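Inspection log for the structure reproduced underneath, given as structure tokens.
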Amino acid sequence: MIEDSSFHGNHDRRHIRRDYYNKNYNNPYFSKQAEKKANFNTKLYVRILLIVFLIYVVIYSDLFKVREVEIKGTDMIPNEEIQSIANEKMSGFRWLIFPKKNLMFLNEKDLSAAINNKYFLNRLDINKSWQKLTIDMEEKPAYLIFNNLKSQYFLDLTGGITKEMTVEDINKYSSRFPMVYVMTDVKVGDKPVSARFVSYILELDKELKAKNIKPKNYESGGVDQVNMVRDDSSRIYFSINIPMSQSLENMEAIFAQKLRNQKFEYLDLRSGDKVYYK
């Protein structure tokens, strides 16, 4: 503060008190706006938007979606059945967030397990490529049809159940493979009979047809017994422990000597050279 003692003319001396301050005339409203603008981080928001966009592209867009399922190596297994399993495993979301049809989140182990649980295969490979899933398999060859009066199955050379037959399979393959009846419950992958049992039936079926004898089907009479069923429901009992050639010679001999053009209930060839019939 400064006191001024000056005077002019006849006027009395006066003491004038003057105050000097620095004044700020900026509008406080505009100042706040400027501060807000300065605090807006454009780069951060751009990065966030970019991350959200990339998440959408990678997870939810069609860029990584399976558009084609290629199935290789099938013979008796219809491609439609494998396609149906694949579609089931690719439907819905993983952990309720990630679409299973996205190649990045498709669980190959689940798909492989689902296929192997239904079919008994030599090999199964599942490969991913751009918007494509390839299922490459090698079936176990079927040699017999296994029938337990509930369902029918393909049976491989080891005695293993390879596939439950559909109605289409039954219509298509029933005349192609010998049928064996075994009264036991099974599932795919089980081995209800031995490889030796399967081999014996295959060889016996071949020999009988070469002799112009057409079996209707076969039955398991136990671990070592094979029953051949004829069209008239009569049965011929074979033992896989006796040479097949010997059993067939005895069968032809008894037909020629005793059973020519005669009906019988059974012919038992399980005791070597001792033959029984009824």
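Annotations for the structure displayed:
- Between S91 and S112, the modelled label-to-label distance comes to 2.5 nm, taking each label 7 Å out from Cα in the direction of the beta carbon.
- Counted charge near R94, where neighbours are those whose Cβ lies closer than 12 Å (Asp, Glu -1; Lys, Arg +1): +2
- Net charge, S247 excluded, C-beta distance under 11 Å - Lys, Arg +1, Asp, Glu -1: -4
- Neighbours of V226 by Cβ distance under 13 Å: Lys/Arg scored +1, Asp/Glu scored -1, total -3.
- Sorted by Cβ density within 10 Å, fewest first, the residues D156, D75: D75, D156
- Which of T74, T162, T184, T134 has the fewest Cβ neighbours within 10 Å, and the rest in rising order: T184, T134, T74, T162
- Under 14 Å from K214, Cα to Cα: aspartates and glutamates that are on another chain or at least 8 residues apart: E203, D205, D231, D232
- Selected from G222, L248, V182, residue furthest toward positive end of dipole (segment 144-277; charges at beta carbon): L248
- FRET efficiency, 1/(1 + (r/R0)^6) with R0 30 Å, evaluated for N122 and N171 via beta carbons: 0.70
- Length released on extending from K72 to R230, taking residue separation times 0.36 nm less the Cα-Cα span: 52.9 nm
- Taking other C-beta atoms within 10 angstrom as a stand-in for reagent exposure, I51, I213 fall in the order I51, I213, fewest first.
Quick note: the coordinates plus some simple rules give every number you see, no bench work behind them. Keep in mind that what you see is a predicted model, and the values were worked out from it rather than measured. So basically every Cβ, Gly included, is an ideal-geometry build from the backbone, and we count neighbours across all protein chains shown.
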